[in-house]
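Peer 1: Can you read through this structure? Questions will come right after.
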Amino acid sequence: MKKFISPNWKILRKLSSSLVQAWFYIWDQSDACGVYVYDEDYLAVDLGEKISFHQLLQLPNVKDLGGGKILLLDYIEVNYVTLKQDYNPHKPAFRSLEKNNLMLNSSLNQACIKLEKEDENEDEKEDEGKKKKKVEKFQIPDVKQVHDFMATCNMAAGNIWPNAKVESESKGFFNYYSANGWRVGKNSMKDWQAAARNWMNNANKFNQNSNNGKSTNGQLAKGAKADPAEVFEQFRTKYQSNHTEFGQTTQGRQDDDYIQDACIVD
């Protein structure tokens, strides 16, 4: 591969002649992306004198990659102008970048150490991880956790439920949602404690509206269905108070039949 060299004579003139020779030498011996692997013996044979790795780092626009490798920072810009990954003559440069754990910095048009970019990515991933921690993954509770939570809610409400009620409702809640895969409608449950509070609220509403079809004042609740036997007994008591001779007589049995006919409830 033919290589182009762009010496900075303003800086090179300040160096010794041996270092100037070394600068041209490593440009010629570098790989497709501008990485030179230091070899003291070969360098001494080719240049006629020994030059240490530390001395080479005094050359302009070079970077120590570690492991005896030196990166020529201007190499890509001088030899390729702009690297294009889908352009065949440039593919050896990309293979060399990968081999040396480097990446192309497009803004600088230079090779750079991949770890520097990875550190930035790690910081970004860490920030994303913190955001994800805010959304906690749903954890299925056990029956004891449900019981303890309902007992705490019951205590905060003034112990309106006896312990037996807390026990039965917590087991009912746990068994119900265990059976349906801990889902609320078609969606997966996100907050079992909120679901447990709703369960308790619904249980309280049910108890208030279903005391044998009566409200708390003994009257039939709205929408409740009358019990025919109870209506019959109430009517009979009222009828008996107005007919003192009501009893096991024939007339009484006839009255009884009348009461039954009068108390038919649709």
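The values are calculated or read from the model by the stated rules, or taken from the named source; none is laboratory data. What you see is a predicted model, and the numbers here were worked out from it, not measured in a lab. Here Cβ is always computed from backbone atoms with ideal geometry, including for glycine, and neighbour counts include all displayed protein chains.
Peer 1: Does Asp86 satisfy the condition of being out of contact with any Leu (no Cβ under 9 Å at 6 or more places or on another chain), in a loop (DSSP other than H, G, I, E, B) and surrounded by 12 or more Cβ atoms within 10 Å (Cβ to Cβ)? Spell out the reasoning first.
Peer 2: Numbers: out of contact with any Leu (no Cβ under 9 Å at 6 or more places or on another chain): yes; in a loop (DSSP other than H, G, I, E, B): yes; surrounded by 12 or more Cβ atoms within 10 Å (Cβ to Cβ): no.
Here the answer is no, as Asp86 does not meet what is asked.
Peer 1: So, one more: Kindly provide the set of residues from the range 166-190 that are touching a residue at least 12 places away in the same chain (Cβ under 8 Å) and not in a helix (DSSP H, G or I), ordered by number.
Peer 2: Within the range 166-190, Trp182, Ser188, Met189, Lys190 meet the criteria.
Peer 1: Tell me which of these Leu115 doesn't satisfy, since it passes every other one: (1) out of contact with any Phe, Trp or Tyr (no Cβ under 9 Å at 6 or more places or on another chain); (2) modelled with pLDDT of 85 or more; (3) under 21 Å from Val37 (Cα atoms).
Peer 2: (2)
Peer 1: Also, I was wondering about something else. Which of the residues spanning the range 1-52 are assigned to a helix (DSSP H, G or I), over 21 Å from Asn100 (Cβ atoms) and acidic (Asp, Glu)? Please lay out each step first, then the result.
Peer 2: Narrowing the range 1-52 to residues assigned to a helix (DSSP H, G or I): 9-12, 17-29, 40-47.
Now narrow it down to the ones that are over 21 Å from Asn100 (Cβ atoms): 9-12, 17-21, 24, 41, 44-47.
Correct list: Asp41, Asp46.
Peer 1: Of the residues that sit in the range 1-32 and are among the hydrophobic types (A, V, I, L, M, F, W, C) and in contact with a Phe, Trp or Tyr (Cβ under 7 Å, 6 or more places away or on another chain), which one is modelled with the lowest pLDDT? Steps first, answer last, please.
Peer 2: Of the range 1-32, the ones among the hydrophobic types (A, V, I, L, M, F, W, C) are 1, 4-5, 9, 11-12, 15, 19-20, 22-24, 26-27, 32.
Adding the requirement that they be in contact with a Phe, Trp or Tyr (Cβ under 7 Å, 6 or more places away or on another chain) leaves 5, 12, 26.
Working: Ile5: 78, Leu12: 86, Ile26: 92.
Within the range 1-32, the match that is modelled with the lowest pLDDT is Ile5.
Peer 1: Listed residues Gly185, Gly181; which is modelled with pLDDT of 90 or more, within 25 Å of the chain's Cα centre (by Cα) and exposed (fewer than 11 other Cβ atoms within 10 Å of the Cβ)? Give the derivation first.
Peer 2: Numbers: Gly185 fails: modelled with pLDDT of 90 or more.
Exactly one residue qualifies, and that residue is Gly181.
Peer 1: Oh, and also: In the range 57-69, what residues are out of contact with any helix residue (DSSP H, G or I) (no Cβ under 6 Å at 6 or more places or on another chain) and either surrounded by 12 or more Cβ atoms within 10 Å (Cβ to Cβ) or among the hydrophobic types (A, V, I, L, M, F, W, C) (or both)?
Peer 2: Leu57, Gln58, Asn61, Val62, Lys63, Asp64, Leu65, Gly68, Lys69, listed by residue number.
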